[in-house]
Amino acid sequence: MQTNGQQAVTESKSAWWLALRVIDEPVEVFRQLAVRPRFAAPLILIAVVALIAGFGTPDATLEMRAAQQAEMLQERAPERFSAEQRAEMIEGAASTTNRLMITAGFLVYGVLSLLLVAAVMLVIFNAFGPETLTYKDELAITTHAYVPQLLGAVVLVLLARFAGYEDMQLSLGFLFDEGFLRHLGTQFTPFGAWNVILLALGNKIRAGIKGLGGPLAIVVSLWVLVNVGFAALSAAMGGLLG
């Protein structure tokens, strides 16, 4: 007997079809994953996008970001950060070594975040949903729901390379000056919201929940709480450095 999350699945799609078409065919993708959970293709996409972010970002953008960081360090700890160190920091911003570090950081942070999110979602939706999910089920949902974030990273690189957009983020941070609200605003992006909707949709389908409202409320609440936590930590660290 088919479960609710396994209904209306026709022919089996390829792993790459699922990873790429979650953008425009999310319902079909999550129905397919409910029958056969897979997550290798999105993980490979993370590695590809990590390389794009690391080696596709223009030199000028990396040097500008390094200059901003160096200026902040000089203002907060002038006795421990010399002009020579500032120059070295900016000069090495676009080096191969630094680009490899950016690539590795993107990849490691992305994978570890997904593993953690999948574990949290598994506990929550097994507690509230009518059907029992496995970790493999949840990891398949989480990794595919993350694809819009990868699209956002590529868009930022393209904007930086071809339109001279150097902010390297698309968020609500521009609405505020400095302080906690600025840090909080930078946590909310359109691609993050898209990720949240897909995460709720995928769990609704696999867990056999009738409406999207409940799963969406759960995921949005967690998203807001996590973003507030990150913003508070960022603001506190800034205050300590100051």
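Descriptive notes on the structure:
- Test: residue in region 65-72 that is modelled with pLDDT under 95, in contact with a Lys or Arg (Cβ under 6 Å, 6 or more places away or on another chain) and either assigned to a helix (DSSP H, G or I) or surrounded by fewer than 12 Cβ atoms within 10 Å (Cβ to Cβ) (or both): yes
- Given (1) within 30 Å of Phe30 (Cα to Cα); (2) within 15 Å of the chain's Cα centre (by Cα); (3) at pLDDT below 80, index of the condition Ile141 fails: (3)
- Listed by position, the helices (runs of 4 or more DSSP H) contained in region 73-157 that have at least 2 residues being in contact with a helix residue (DSSP H, G or I) (Cβ under 9 Å, 6 or more places away or on another chain) and within 29 Å of Ile23 (Cβ to Cβ) are 96-128, 135-145.
- Once region 138-165 is narrowed to residues that are β-branched (Val, Ile, Thr) and touching a Gly at 6+ places or on another chain (Cβ under 6 Å), the residue that is nearest to Ser14 (Cα to Cα) is Ile141.
- Residues that are in contact (Cβ under 8 Å) with a residue 12 or more places away in the chain and either among the basic types (Lys, Arg) or in contact with a Gly (Cβ under 6 Å, 6 or more places away or on another chain) (or both), drawn from region 21-51: Phe30, Arg31, Ala34, Arg36, Arg38, Ile46
- Unique residue being buried (at least 16 other Cβ atoms within 10 Å of the Cβ) and either under 24 Å from Gly110 (Cβ atoms) or modelled with pLDDT under 85 (or both) when the list is Arg86, Arg80: Arg86
- The residues in region 208-224 that are touching a residue at least 60 places away in the same chain (Cβ under 8 Å) and over 26 Å from Leu184 (Cα atoms) can be counted, and the count is 2.
- For His183, the conditions (1) modelled with pLDDT of 85 or more; (2) under 22 Å from Ala231 (Cβ atoms) are fulfilled apart from (1).
Condition check ((1) in a helix (DSSP H, G or I); (2) touching a Cys at 6+ places or on another chain (Cβ under 8 Å); (3) at pLDDT 95 or above; (4) surrounded by 11 or more Cβ atoms within 10 Å (Cβ to Cβ)) across all residues:
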{"site": "Lys204", "(1), (2), (3), (4)": "yes, no, yes, yes"}
{"site": "Lys210", "(1), (2), (3), (4)": "no, no, no, no"}
{"site": "Leu216", "(1), (2), (3), (4)": "yes, no, yes, yes"}
{"site": "Phe230", "(1), (2), (3), (4)": "yes, no, no, yes"}
{"site": "Ala236", "(1), (2), (3), (4)": "yes, no, no, yes"}
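- Given (1) among the polar types (S, T, N, Q); (2) surrounded by fewer than 13 Cβ atoms within 10 Å (Cβ to Cβ); (3) modelled with pLDDT under 95, number of the condition Ser14 does not satisfy: (3)
- The listed residue being crowded, with 19+ Cβ neighbours inside 10 Å and either at pLDDT 90 or above or on the phi < 0 side of the Ramachandran plot (or both), out of Val111, Val123, Val157: Val157
- Residues of region 89-106 that are closer than 25 Å to Leu150 by Cβ, surrounded by 13 or more Cβ atoms within 10 Å (Cβ to Cβ) and not small (Gly, Ala, Ser): Asn98, Arg99, Leu100, Ile102, Thr103, Phe106.
The values are calculated or read from the model by the stated rules, or taken from the named source; none is laboratory data. Values in this document were obtained by computation on a predicted structure and should not be read as measured data. No Cβ is skipped: glycine too gets one built from the backbone with ideal geometry, and neighbour counts run over all protein chains shown.
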